[in-house]
Structures are given as structure tokens and as C-alpha cells.
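Worksheet: the structure to be examined is printed underneath.
A short reminder: the numbers here are calculations on the coordinates, not readings from a lab. Here the structure is a predicted model, which means the values were calculated and not measured. Cβ placement follows ideal geometry from the backbone for every residue including glycine, while neighbour counts extend to all protein chains displayed.
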Amino acid sequence: MSKYRLLRDRVVSNPVHASDVLLVPNAVSRHQLGLAHCDSYIDRVLAGSLSEQEMKRIGFPWSEKMVERSLRSSGATLAAARAAMSEGLAVNMAGGTHHAMRDAGEGFCVFNDAAVTIRTLLDEQTIGSALVVDCDVHQGNGTAHIMGTDPNVFTFSIHGAKNFPLRKHPSSLDVDLPDGTTDQPYLDALESALHQCDAAGPFDLMIYLAGADPFENDRLGRLKLTKAGLSARDQMVLAFAKERKIPTAIAMAGGYAFDIHDIVDIHAQTIAIASQLSRS
């Protein structure tokens with residue numbers, strides 16, 4: 001989890017963010033979790049009674065700190081979404097736990113922050129519709145599983161076709177990319193998909209998972225995007241939302257580069273682009 005500490009340090013030290021407000025999130029409530037996850041799963045996570053098989057599926061051991069981190073990570077995306085409703089754009093410097101299903105965690109994801117956030121805001125009637133733009137290199141199977149065929153939520157995932165998870169729950173729109181996809185083919189596919197998202201709108205909120213793992217030197221990514229390509233991706237997605245006046249909450253999602261500083265570079269680049277765009 002050192003990437004989050006390094007990312008925070010990078011953001012705080014960057015003059016670009018001098019006027020940005022940095023907040024520590026509250027944990028989501030049990031009620032809010034229950035809007036996206038089943039009670040028995042929540043109980044097992046909170047009590048530390050997950051089975052060995054369940055913990056293996058999640059990918060790291062249970063601890064009280066793990067529970068708090070998971071609750072606050074969802075709380076941060078919810079807080080970012082609330083801030084976006086008034087400010088237009090906000091960022092969770094973690095989050096993007098898109099493999100968590102209604103009744104199980106998976107792939108380093110315990111609770112699904114995007115699903116908890118959207119379900120909470122729909123339940124409050126703060127929003128009537130939402131768009132998830134998932135640009136993590138791994139398909140957002142948990143988000144698709146939880147949202148199902150909800151007519152108020154459009155889920156879009158662009159990811160490696162042969163990458164984890166092997167069994168992919170269908171999103172509203174899935175774009176499967178071959179191994180080795182480079183910048184321009186990726187951006188062309190993304191642009192086409194965003195047009196399809198636009199046709200499904202309008203939306204009251206967008207949650208953008210800005211994964212660093214399509215990067216060419218990512219250990220798990222299998223795609224070949226450069227940092228410049230990922231910058232162009234972020235600019236395209238955020239310009240799409242701004243042009244349509246869609247409040248946007250950004251979550252960092254995955255990143256597994258051989259050099260941790262590459263991960264931090266990519267996440268920090270996303271946040272800087274968002275900050276500059278919000279003031280333009």
C-alpha cells in the first residue's frame with residue numbers, strides 16, 4: 001500500500017494542487033454497504049470470519065486495518081461523488097475496487113466503492129442515473145455483477161481480453177482489447193465507446209476508474225500504453241464528462257508496474273489533469 005503514501009506526498013508537494021482541498025474520508029455506514037453487498041458477506045468481513053477460501057480469493061489477509069481501509073476507501077469515493085455534485089470534479093486517491101461482488105471479495109477488492117457510492121446516491125435520490133467508465137486493465141466484473149441490468153446505471157469497461165478475470169460478467173458495454181494494444185488503437189476504441197455511452201445518457205454522475213495498469217511496464221497489464229497515452233486517455237474521458245456537464249468522481253484503481261514510481265507518476269498525472277481541467 002506504499003503507493004498511496006507516495007501518491008499523497010507527490011500530490012501535496014505539487015504546486016498545481018495548491019488550491020485543492022485534501023480531506024480524510026469517513027467510513028461508509030453498514031446501511032450504505034448493504035445497498036451493494038449482502039448482509040452475510042458484510043458480517044463475515046466485519047467479524048473477521050471469512051473462510052480461508054474467501055480470503056484467498058480476496059488476495060490479502062484479514063485484519064482490523066484491512067476492514068477500516070476498505071470502509072474508508074468506499075467512503076472516499078462517496079465523498080468524492082458528493083463533492084463532484086457541487087464542484088464538478090473530485091478525486092479519491094485510492095478506490096476502484098471493481099472486482100468486489102455482491103456476496104464476495106476478489107482480486108484485492110473487499111467492498112465495491114463505485115457500487116456502494118452509486119447505490120447510496122440513488123437511494124437518497126441525489127441522482128437518478130450514473131455512468132461507470134472503467135479504464136482499469138482488468139474487466140470490472142464486480143461492478144457489472146452488482147449493477148446487473150439496473151436501468152439507471154450504465155457500466156462501461158475497456159480492458160485486456162485475456163486478462164483477469166477469466167470469467168467476465170457482462171457490463172452494459174465491454175471493450176475487449178488484444179494483448180499488446182498500444183496508444184492509438186486504445187484511444188480509438190475508447191473514443192468509439194464513449195460515443196456509445198453518450199447515446200445511453202444523459203447521466204447525473206460519472207465514476208471514472210483511472211487504472212494505471214494498461215501501462216507498458218505493468219507486471220499484470222498485458223497492454224502497451226505509454227504514460228503519454230494514459231494522459232491522453234484521462235484527458236479524453238474527463239473532457240467527455242465536462243462537455244456534457246456530468247459531475248465526475250475519479251478513483252485510482254489498479255497499478256502494478258515493476259517500478260512503483262511509475263505507478264505514482266501515472267496516478268499523479270491523472271490527478272493533475274483533473275485539477276487543471278476543473279479550473280479551465
**Item:** Dipole of the chain [Lys/Arg +1, Asp/Glu -1 at C-beta], most positive-end residue of Ser63, Met101, Leu190
**Value:** Ser63
**Complete:** Hits for the chain under the membrane-span-like helix rule (DSSP H, Cα axial span at least 27 Å, Kyte-Doolittle mean at least -1.0) are 64-87, 260-279
**Item:** Per-pair calculated FRET efficiency, R0 = 25 Å: Glu87 and His261 via Cβ, rounded to 0.05
**Value:** 0.25
**Message:** Just to be sure I follow the rule: in segment 2-279, considering lysines 8 or more places apart or on different chains, how many pairs have Cα atoms under 25 Å apart?
**Reply:** 11
**Prompt:** In segment 2-279, with Lys and Arg counted as +1 and Asp and Glu as -1 at Cβ, which of these residues, Ser275, Gly140, Pro247, has the Cα nearest the positive end of the dipole, that is, farthest along it?
**Reply:** Ser275
**Prompt:** Which one is right for this structure if semi-axes √(5λ) of the Cα gyration tensor in Å is calculated from it: (1) 44, 30, 19; (2) 29, 27, 18; (3) 25, 21, 20?
**Reply:** (3)
**Item:** Debye, to nearest 20: dipole size of the chain, +1 on Lys, Arg Cβ, -1 on Asp, Glu Cβ
**Value:** 400
